[in-house]
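J.: Pasting a structure here, questions to come.
The values are calculated or read from the model by the stated rules, or taken from the named source; none is laboratory data. Just so you know, these numbers come straight off a predicted model, no measurement behind them. Ligands, DNA and RNA are excluded from the accessible area calculation, which covers all protein heavy atoms including side chains. Shrake-Rupley method; radii C 1.70, N 1.55, O 1.52, S 1.80 Å.
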Amino acid sequence: MFRRLLRRRAAVLSAGTLVPLCLACGGCQLLGWYPSMSTTMIHYQCEDGTVFKTAVTPDTAILRMGDREYTLSRVRSGSGARYEGNGTLFWEKGGQAMLELGGRRHLNCAAVNNQAS
């Protein structure tokens, strides 16, 4: 019954509310839902043609690039939001971002649209 109630509630919550809720309380597992599977994600395109998308919460960023997915933790930043994990860095401020992945920096990444993935 609890799962059924959560599913009904999840259906009416926006992805911006559901992602932080799930990550904070483990509700994603109860719902059988994970941010990487079905959520509103921000799509970015960098000046070098690199494209990726992210789902961001105050403490975590889930970054998807091609068929790879990275979970990054928020770290202190003088300006904007900065997330790091396993040699990957994602920094965003005001719709502009920078991604460092596999030793390569992808600069001037702009948010291009939002859509369900």
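J.: 5 Å is the cut-off here: which amide hydrogens, built 1.01 Å from N in the peptide plane, fall below it relative to residue 77, excluding neighbours closer than 5 in sequence?
T.: none
J.: Okay, moving on. Applying the Karplus parametrisation 6.51 cos²θ - 1.76 cosθ + 1.60 with θ = phi - 60° to the phi angles of the range 44-56, what ³J(HN,Hα) value in whole Hz is obtained for each residue in order, glycine and proline being reported as x?
T.: Coupling constants for the range 44-56: 10, 10, 9, 4, 8, x, 5, 10, 7, 9, 9, 10, 10 Hz.
J.: OK, next. How big is the gap, in Å, between the Cα center of the range 83-101 and the Cα center of the range 44-82?
T.: Measuring centre to centre over Cα atoms gives 5 Å.
J.: Still on this structure, I have one more. Any chance you could look up the accessible area of residue 93 with a 1.4 Å probe, heavy atoms only, rounded to 10 Å²?
T.: 100
J.: Further, regarding this structure: Tell me the carbon and sulfur percent of the accessible area for the range 40-117, rounded to whole percent, probe radius 1.4 Å.
T.: Looking at the range 40-117 in its full context, I get 44 percent from C and S.
J.: At a probe radius of 1.4 Å, what is the per-residue accessible area of residue 79, in Å² to the nearest 10?
T.: Estimated to the nearest 10 Å², residue 79 gives 50 Å².
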